[in-house]
């Protein structure tokens, strides 16, 4: 016999034998022989030996960095280094309060990052928890219940409705076995399992003779032989894939890293120039020049920027939560604003993950069926006109057959919604019958069921036997059209029964299937023979009468249709990546207005890297994809410079969710693995919430730019005041301790105000910004330079004006500081309009946070100017009303000049 493949070997796929033959391509008997699996099950001794060889049936936890290392890595950022340096400078200058504030900001940011990283690592834990805790296994000739982790390759496992599959199984026997594999394949319909071998290159969703670990049995029974355990299972492979996926750094973090390098270089250069010029040109003592250089560095560093950035992102998180988008990683808030491509799953995201009978075809006509979900309400139309089911006898007969040959139940939940108990296909057919006015209790009372043949994939049909009050036996059959048509000889019309037109019905079936519909046929036969049991032989003689066809589809969400249209208007490309069949994917793609054409997973496998990248760019619908396909598609789009969001709900989506710039998981129906791998979770599973989140993300980015636009020239002005004073050899208009005061109070007041700004008009009319776009554009840099020059001029002007009038140095410096602060207040109003003019009336009205911050700033400056303790600490002195009026006039002039610059740069 061939040796067993080592589970989890890097050279094999999870269901691949060492000789290259996958398990699903082998006959069940051949698989059992190769696995040395006797009918009576493994002996206890053999099972123990295999357990020792292959290891426990659990997923191996990944190696993790120690907690202390993860914490220290939060400080590995150039901007953080700049802040630590500024804090050290403050300590050297014995400014304990300011140093405490700076180090506190750094510590808070590190703690936030540490906590978020810990949450992200729970994704693998969520996958590990998906394995079943127990399994019913044949050992030593007896069925026993074991802990699932004790399973080994070759074990024979029993499956029943409600079980979670404990390992990857090659199915040997099945009876009506339906397994929900949406978490792995993305298909909304449970897979009907069989034992026959399938093609070696069959896609995961087409391997009907395999049951994979972590999936759920929704109906029927079966037995299977364990072919892979633990890390060797399909779900283990995805877990390994997830662990190997590196998270992509967000555009904001990349931009802030570049900004931090630029800022650091500029500050160090200015400090060096200050020291060298004062020492070499003016001959100042080196100690004084060191202090001046230190003061310039402290003035230039925007200590409050990280805290303001964090708060701005947190404000965005709060806003998004109100719109059902739960953010798990703060940088994802801003990243959403730069999204250029959304790769979305189909099932449960664009569609409702519910089956709906959309079309009914009888010999008399074709009917369009309305409604949503499993609610038994919906209109019928025929040829575009309303159709009354009560006046359509064949439609009524088909609906009655759909009700009788059915094992589902529909009932209202606590919230009034209609809930399904049973198979989704049966649920859709039952809802159809109820839409025609039929009541299940009444119909089953008139035609009670006596026996049934459950659906099995080998037969491809289900049949039920009923007795009516007249003593007739009624056979009802539903199933695959080709199978049911083979049993039929006639078709029902309103005027009676006529010979079956097989070619016409085959063409109608192909037409519905081409529209992405799942097609079922229903037939019946009435006989006077008294049957009490129903066998396949009773149907083999044929003679059934075809009632018609039903086309079922997982219907699109109405809100998702509107959301995809909104994405197009915002310049965002939508691509659908699904594990479902190509025809179904194409039909849904057309519904959403995506370009025609579907690329399948097998086609992608045959492409080289160049062709793959071209296909990723050119196509909008990808079907029959694997987790690896999804990863490569995301990477290819990112390679083109796109910021990519990925939506998903299954375990198979988790690696791609982690790789995407923004992974978006479904909150209601998504797996825990998907939620833990994602940066954002949709509380309502609604694609439309992504569009709302993108709008908030663009607003957050705008507000971050406004904050930087405000903070850099105000901090820069303080530094330039020192630089100009040193270069000109004059006394400092503002002392380092006064600069620290301004930095501290503006950071906690004015600097925070812009985080709460509302979206600017037309925020969703702009195209997505390029991934490498700098935070500050040319016009914004010009605006900052204008503001910086005006702030420096105001500070120097009022300082020298006071000195010329014979005022003391304390009064002059108090005037210089207050002139700077008043100018910053007016420039704050300018900064509110990033893409539009603030407008005088709009600025005066302002936002509530802006005016609260201004009032608080005024109170602090009055204390700075008039409170004796602060006068002693900062070297200030009282100033008169006329001086305040002059400074306010200068601030208003600054506001008008900056607004003029805005208009000129636009024109």
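The listed residues are 179, 165, and the only one of them that is at pLDDT 80 or above, closer than 25 Å to residue 42 by Cα and within 35 Å of the chain's Cα centre (by Cα) turns out to be 165. Of all residues in the range 638-663, which are more than 18 Å from residue 330 (Cα to Cα), part of a helix (DSSP H, G or I) and touching a residue at least 60 places away in the same chain (Cβ under 8 Å)? Listed by number, the residues that qualify are 638, 651, 652, 653, 654, 655, 656.
When we screen 610, 625 for residues that are more than 14 Å from residue 342 (Cα to Cα), surrounded by fewer than 24 Cβ atoms within 10 Å (Cβ to Cβ) and assigned by TED's automatic domain parsing to the domain that holds residue 595, the only hit is 610. For the condition crowded, with 22+ Cβ neighbours inside 10 Å, touching a helix residue (DSSP H, G or I) at 6+ places or on another chain (Cβ under 9 Å) and either closer than 20 Å to residue 833 by Cβ or not assigned by TED's automatic domain parsing to the domain that holds residue 264 (or both), residue 751 qualifies. In the range 497-533, how many are at pLDDT 90 or above and over 18 Å from residue 359 (Cα atoms)? So the answer is 9.
Is it true that residue 157 is buried (at least 23 other Cβ atoms within 10 Å of the Cβ) and not in a loop (DSSP other than H, G, I, E, B)? For residue 157, the condition - buried (at least 23 other Cβ atoms within 10 Å of the Cβ) and not in a loop (DSSP other than H, G, I, E, B) - is met.
Okay, residues lined up against (1) crowded, with 17+ Cβ neighbours inside 10 Å; (2) part of a strand (DSSP E or B):
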site: 477; (1), (2): yes, yes
site: 498; (1), (2): no, yes
site: 510; (1), (2): no, no
site: 519; (1), (2): yes, yes
site: 524; (1), (2): yes, yes
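For residue 598, state whether it is under 22 Å from residue 340 (Cα atoms), more than 19 Å from the chain's Cα centre (by Cα) and in contact (Cβ under 8 Å) with a residue 24 or more places away in the chain. So residue 598 passes the test. The criterion of at least 3 residues that are touching a residue at least 24 places away in the same chain (Cβ under 8 Å) and closer than 30 Å to residue 825 by Cβ is met, among helices (runs of 4 or more DSSP H) falling completely within the range 664-769, by 687-728, 736-748, 750-753. Any residue in the range 774-793 that is over 21 Å from residue 724 (Cβ atoms) and free of Cβ contacts under 8 Å to residues at least 12 places away in the same chain? The answer is yes; a qualifying residue exists. Candidates are the residues of the range 419-431 that are modelled with pLDDT under 90 and either at positive phi or out of contact with any helix residue (DSSP H, G or I) (no Cβ under 6 Å at 6 or more places or on another chain) (or both); the one that is surrounded by the fewest Cβ atoms within 10 Å (Cβ to Cβ) is 421.
For the range 388-416, a residue qualifies if it is surrounded by fewer than 15 Cβ atoms within 10 Å (Cβ to Cβ) and touching a residue at least 40 places away in the same chain (Cβ under 8 Å), and exactly one does: 390.
The residues listed here are 470, 433, 399, 390; of these, the one that is farther than 21 Å from residue 192 by Cβ and part of a loop (DSSP other than H, G, I, E, B) is 470.
The values are calculated or read from the model by the stated rules, or taken from the named source; none is laboratory data. The shown structure was predicted, so the numbers you read here are calculated from the model rather than taken from an experiment. For neighbour counting, all protein chains shown are included, and Cβ atoms are generated from backbone atoms with ideal geometry for every residue, glycine included.
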